[in-house]
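Peer 1: This is the structure, below, for whatever I ask next.
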Amino acid sequence: MTDGSEIAEPGALVFSRQVAITLAAKIAVAGSSLLAGIIVARWLGAASVGIVGSLVVLTVLAINFGGFGISSAITLLVARDRAKVPGILGSAVITAFTSGGILTSVVVVLALEQPTFFGEVPSQLVIITAVAIPFQMLYSFCLAILLGRGEIGRYNLFDMMAPIFFVINPMVAIILLGYGLFVLVTLNAGVNIVISLLLLFLIFQELRRDRESVQFKIQPALIREMFGYGSRFFVAMAAAVVILRSDLLIVNYFRGSTEAGVYAVSTQVGTLLLLLPNVISTLLFPRVTKTRDETGSMTCRVVRHTVVIMIVVCLAAIPLSFVLPLFYGPAFAAIPIQVMILLPGVAVLGILSVQVQYFSSLGLPRIIPVYWVVTMIISILFDIFLIPSFGAYAAAAISSLSYALVFFLVALTFRRRTGKTLRETFLISVPEFRGLLNFGRKRSNSVA
């Protein structure tokens with residue numbers, strides 16, 4: 001068991017500063033997303049929020065399934081050996097446009113031949129969104145390179161760029177010019193394409209300045225290594241995304257865009273609450289990869305702090321959930337109940353996202369993806385069975401229970417692998433809590 005003094009180590013100071021900076025960027029991103037949603041809800045209605053939310057889910061699912069877990073593999077490989085960056089960048093470009101192009105073709109064919117597959121989402125909007133998929137996949141690969149190189153400032157800058165435009169776009173297209181969803185979705189797709197190409201260009205130019213040549217060709221050994229690690233991450237990531245996101249599409253399909261729009265905002269609150277643990281896990285991954293935290297001591301320390309954080313933010317979310325319908329409108333009155341149902345699952349998911357980085361840094365043992373796949377199957381079956389009758393409330397309950405199930409399984413596996421007790425892993429001691437508070441005060445004073 002560690003005490004609060006450990007957090008004052010230079011390495012912890014650097015880590016906490018990176019977390020603070022990245023969290024600020026993520027809050028700006030989340031705030032932009034909420035503001036964009038309010039604009040769409042107020043000017044175009046709840047159904048339009050559901051359509052936009054469904055298109056976002058479609059993109060996320062496509063990127064995660066088409067990306068084969070390569071983003072995580074890129075971060076791991078770059079963190080271990082920066083000399084591989086030129087080859088990784090070239091391979092990433094080829095993979096993004098090959099896999100993304102195939103996915104775009106599949107989505108376009110479905111939109112033209114089976115438009116009912118996407119519920120109430122218009123086919124033309126699906127096609128416009130699909131065109132940007134290869135570029136968004138490339139964008140995620142390039143961000144993974146920045147993360148692996150430890151370029152947190154640039155990583156945050158580019159992570160913020162698209163969401164900021166996603167607020168500007170509805171202001172211009174809907175409020176100023178009076179256009180509808182077609183123009184808004186087109187602008188959003190255009191922004192994704194431009195920003196991904198800009199990020200690729202900047203990384204390419206930086207490598208040229210370092211006199212490192214990027215080879216845009218298949219490198220069998222590197223591709224095998226990327227896909228070898230990526231395949232381990234892929235199953236867990238894809239299953240997790242399905243559990244997290246697919247229920248919105250199912251709600252849209254069975255209950256319509258209006259109810260999907262309300263549920264989209266409720267899940268957005270959950271995403272907002274997960275900002276800090278996601279930031280911690282994102283930055284912890286390359287860190288534990290470099291240090292080889294096989295005993296789990298570093299992970300446990302961060303997990304204990306995350307437990308405290310999730311309790312605080314989830315309690316703070318309760319009054320927030322009652323305020324949101326005032327901003328979005330009367331059609332969103334169900335948000336507070338849906339958020340309450342989601343909160344327990346969100347809390348454990350935040351803790352899980354940090355703890356699982358211990359396994360990710362070791363190459364992700366096969367048992368972890370198995371947990372996600374089994375939970376995904378159970379989740380989808382219950383979604384299909386219950387959502388038609390009980391709607392978004394059932395979706396929220398199933399999601400919460402699914403997160404809890406994976407958390408329980410991963411926690412037991414962590415205990416078995418590291419020998420750490422549940423108390424050591426999750427319960428912060430009084431001295432450590434005091435140290436955490438004192439550290440927070442010092443950080444606040446230094447900022448002031």
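Peer 1: Compute the length gained on full extension between Arg366 and Ile318: take 0.36 nm times their separation in residues and subtract their Cα-Cα distance, giving the result in nm to one decimal.
Peer 2: Numbers: separation 48, 0.36 × 48 = 17.28 nm, distance 3.70 nm.
Using 0.36 nm per residue and subtracting the Cα-Cα distance, I get 13.6 nm.
Peer 1: When all protein chains stay in place, what accessible area (Å², nearest 10, 1.4 Å probe) is found for Lys84?
Peer 2: 60
Peer 1: If you look at just the Cα atoms of the range 136-197, how large are its Rg and its Dmax in Å?
Peer 2: My reading of the Cα-based Rg and Dmax gives 13.7, 43 Å.
Peer 1: Where does each of Ser231, Ser353 land when they are ordered by accessible area, with a 1.4 Å probe and the largest first?
Peer 2: I get Ser231, Ser353, largest accessible area first.
Peer 1: Sort Leu110, Leu61 by accessible area with a 1.4 Å probe, largest first.
Peer 2: Leu110, Leu61
Peer 1: Under a 1.4 angstrom probe, counting protein chains only, how are Asp383, Asp159 ranked by accessible area, largest first? Write down the numbers at each step before the final one.
Peer 2: Working: Asp383 5, Asp159 25 Å².
Result of the area sort, largest leading: Asp159, Asp383.
Peer 1: Could I ask something else about it? Would you compute, for the Cα atoms of the range 101-205, the largest minus smallest coordinate along each principal axis and list the three values in descending order, in whole Å?
Peer 2: Taking max minus min along each principal axis of the Cα atoms, the range 101-205 gives 44, 36, 20 Å.
Peer 1: Report the calculated FRET efficiency for Ile164 and Val308 (r = Cβ-Cβ distance, R0 = 25 Å), to the nearest 0.05.
Peer 2: With a Förster radius of 25 Å, E is 0.20.
Peer 1: Here's a follow-up. Given points 7 Å out from each Cα along the Cα-Cβ axis, report the Ser231 to Thr271 separation in nanometres with one decimal.
Peer 2: Between Ser231 and Thr271, the label points sit 3.1 nm apart.
Peer 1: Roughly how much of Tyr393 is accessible, in Å² to the nearest 10, using a 1.4 Å probe?
Peer 2: Its accessible surface works out to 90 Å², give or take rounding.
Peer 1: While we're on this one: Compute the orientation-averaged projected area for the range 155-270 from the convex hull of its Cα atoms and round it to one decimal in nm².
Peer 2: Values: hull surface 43.5 nm².
Reported value for the Cα convex hull: 10.9 nm².
Peer 1: Label points 7 Å out from Cα along the Cβ direction at Tyr179 and Glu206: separation in nm?
Peer 2: The two pseudo-label positions are separated by 3.3 nm.
Peer 1: Given the range 66-154, what whole percent of its Cα pairs are spread farther than 14 Å?
Peer 2: Cα-Cα pairs of the range 66-154 separated by over 14 Å account for 65 percent.
Peer 1: Could you bin all the Cα-Cα distances of the range 128-169 into 5 Å bins starting at 0 and give me the percent of pairs in each, rounded to whole numbers?
Peer 2: 6, 21, 23, 24, 17, 7, 2
Peer 1: Each residue of the range 90-101 in order: what ³J(HN,Hα) in whole Hz does its phi give by Karplus 6.51 cos²θ - 1.76 cosθ + 1.60, θ = phi - 60°, with x for Gly and Pro?
Peer 2: Values, residue by residue: x, 5, 5, 4, 4, 4, 4, 7, 6, 5, x, x Hz.
Peer 1: Residue separation times 0.36 nm, minus the C-alpha to C-alpha distance between Asp81 and Leu157: what's the value?
Peer 2: Net length gain for the segment: 25.0 nm.
Peer 1: Here's another thing I want to ask about it. Keeping all protein chains in position, work out how much accessible area Arg417 exposes to a 1.4 Å probe, and write it in Å² to the nearest 10.
Peer 2: Arg417 has an accessible surface of roughly 130 Å² with all protein chains in place.
Peer 1: Quick check: from the Cα gyration tensor, does the range 340-413 come out rounded (a/c under 1.5), prolate or oblate? Walk me through the numbers before you get to the answer.
Peer 2: Working: a/c = 3.47, a/b = 1.80, b/c = 1.93.
Since a/c reaches 1.5 but b/c is at least a/b, the shape of the range 340-413 is classed as oblate.
The values are calculated or read from the model by the stated rules, or taken from the named source; none is laboratory data. Bear in mind that the values here come from a model prediction, so they are computed numbers and not experimental data. Quick reminder, even Gly has a Cβ in these numbers, built from the backbone with ideal geometry, and neighbours come from all protein chains shown. What goes into the accessible areas is simple: the full protein's heavy atoms, side chains included, and nothing from ligands, DNA or RNA. Shrake-Rupley method; radii C 1.70, N 1.55, O 1.52, S 1.80 Å.
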